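Engineer: Encoded as C-alpha cells, here's the structure I'll be asking about.
Nothing in this text is a laboratory measurement; each read-out follows from the coordinates by a stated rule. Keep in mind that this is a model prediction, so the values were computed, not measured. Here Cβ is always computed from backbone atoms with ideal geometry, including for glycine, and neighbour counts include all displayed protein chains.
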C-alpha cells in the first residue's frame, strides 16, 4: 500500500530531481520502489542519510556519533546546494 501511494505521488511530481532518504526504512522503501518502477526514479538524485531522531545517533563511541552527525549535516548541505542550483537555473 505504501509503495502504491509513493509511486502515485512521485508520478505527480514531474520536476522531482532530488530525494533525501532519512533512515534505513526510507532507504529500503526507495530501493523497493526503484526495482518496481525504475523509469519513475531514473532521473532522481537520491541522497541517503541517518534518521533525524536521537536514536539514529546511538553509537559505541563519541567519534562515531559525531561522524553520523557530520554525515547527516553534509547531506543536508548537498541537498540544499542541488535545490539552489535548480532554482537558479544552473545545472
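Engineer: Could you give the length gained by full extension between residue 40 and residue 74, i.e. 0.36 nm per residue of separation minus their alpha carbon distance, to one decimal place?
Structural biologist: Taking residue 40 through residue 74 to full extension adds about 9.6 nm, to one decimal.
Engineer: Once a ≥ b ≥ c are taken as the square roots of the eigenvalues of the Cα gyration tensor of segment 47-91, is the result rounded (a/c under 1.5), prolate (a/b larger than b/c) or oblate (a/b not larger than b/c)?
Structural biologist: prolate
Engineer: Let me ask you something else. Can you tell me the length gained on complete extension of the stretch residue 60 to residue 9, counting 0.36 nm per residue apart and subtracting the Cα distance?
Structural biologist: 14.5 nm
Engineer: Next question, about the same structure. Given the Cα atoms of the chain, and with Rh set as the inverse mean 1/r over their pairs in the Kirkwood sense, what is Rg to Rh to two decimals?
Structural biologist: Reported Rg/Rh (Cα atoms, Kirkwood Rh): 1.03.
Engineer: Give me the percent relative contact order of the chain, please, defined on Cα pairs under 8 angstrom at least 6 residues apart.
Structural biologist: 28
Engineer: Once you put a point 7 Å from the Cα of residue 32 and another 7 Å from the Cα of residue 20, both along the Cβ direction, what distance in nm separates them?
Structural biologist: Inter-label distance under the simple model: 2.4 nm.
Engineer: Say we join alpha carbon atoms closer than 10 Å with springs in a Gaussian network model of the chain; which of 80, 34, 62 then has the biggest fluctuation?
Structural biologist: Judging by the Gaussian network model, the answer is 62.
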